[in-house]
1. Please state which one of Ala113, Ala54, Ala66, Ala61 is hydrophobic (A, V, I, L, M, F, W, C) and modelled with pLDDT under 95.
2. Please work out which residue is nearest to the ligand (Cβ to nearest atom), limiting yourself to region 79-88 and to residues that are within 24 Å of Val126 (Cβ to Cβ) and surrounded by fewer than 21 Cβ atoms within 10 Å (Cβ to Cβ).
3. With (1) more than 21 Å from Ala16 (Cα to Cα); (2) among the aliphatic types (A, V, I, L, M); (3) within 13 Å of the ligand (Cβ to nearest atom) as the list, and Val119 as the residue in question, which single condition is left unmet?
4. Tally the residues that are of a type in the set (S, T, N, Q) and out of contact with any strand residue (DSSP E or B) (no Cβ under 7 Å at 6 or more places or on another chain), restricting the search to region 132-172.
5. Within region 21-139, which strands (runs of 3 or more DSSP E) (wholly inside it) include 1 or more residues that are of a type in the set (Lys, Arg)?
6. Being away from the ligand (no atom under 16 Å from the Cβ) and surrounded by 12 or more Cβ atoms within 10 Å (Cβ to Cβ), is that true of even one residue in region 64-77?
Amino acid sequence: MTVRRLLPADAEAYRALMLEGYTRHPDAFTSTAAEREALPLSWWQKRLDASPTADQVVFGAFEGDALVGAAGLQFQAREKARHKADLFGMYVAPSARGGGHGQKLVDVLLDEAAAREGVRIVQLTVTEGNAAAQTLYERCGFKPFGVEPYAVALGDAYLSKVHMWCAVAALD
Ligand SMILES: CC(C)(COP(=O)(O)OP(=O)(O)OC[C@H]1O[C@@H](n2cnc3c(N)ncnc32)[C@H](O)[C@@H]1OP(=O)(O)O)[C@@H](O)C(=O)NCCC(=O)NCCS
């Protein structure tokens with residue numbers, strides 16, 4: 001298993017992996033496969049901007065040359081929120097699950113956040129009841145701090161989102 005930052009050249013593989021994720025797990029992601037499928041490849045390439053000051057970074061987990069997992073960090077731009085980053089788009093393909101890819105991706109993103117000037121906190125949301133994901137995040141150091149009811153509408157149902165946070169640098 002290797003984990004590395006994804007670059008614009010990885011955009012097609014990243015797009016295919018995430019569209020699979022949105023399709024298989026509509027309860028886990030706020031974006032729909034249809035919304036994301038409609039976006040041009042340039043949108044995915046921009047998300048993988050390789051610059052050291054990019055406002056988003058995405059890491060991928062590979063088995064050989066095959067991209068089997070991914071997760072990203074969104075750094076906040078506004079001066080009063082620059083101490084926070086958001087973890088997004090965590091997905092590991094079913095055939096690769098249970099092998100530690102998810103944990104490695106979270107660990108690498110926490111290191112990346114800690115290395116970014118001024119970032120002290122990483123936040124994320126996870127659908128209430130997604131035990132595999134919430135357990136993974138807790139094992140990596142995240143703590144829940146609230147539940148947002150009616151956070152996502154899925155067909156006729158509403159799903160709640162658990163908000164979690166993890167400090168990556170001293171807070172005082
Ligand atoms: C959540 C996800 C990323 C985990 O990826 P992964 O590569 O399997 O993660 P890891 O192998 O590092 O760890 C998985 C752990 O979850 C545990 N787990 C799996 N299913 C579980 C469940 N239903 N309840 C509790 N724990 C569970 C495994 O036992 C494993 O822990 P262990 O190492 O102690 O055995 C993957 O399941 C996934 O992509 N799910 C669908 C999309 C999703 O939910 N994304 C999260 C959006 S917030």
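The values are calculated or read from the model by the stated rules, or taken from the named source; none is laboratory data. Keep in mind that what you see is a predicted model, and the values were worked out from it rather than measured. Backbone-built Cβ (ideal geometry, glycine too); neighbour counts: all protein chains shown.
1. Criteria check complete, one pass: Ala54.
2. Phe88
3. (3)
4. 1
5. 84-92
6. For region 64-77, residues away from the ligand (no atom under 16 Å from the Cβ) and surrounded by 12 or more Cβ atoms within 10 Å (Cβ to Cβ): present.
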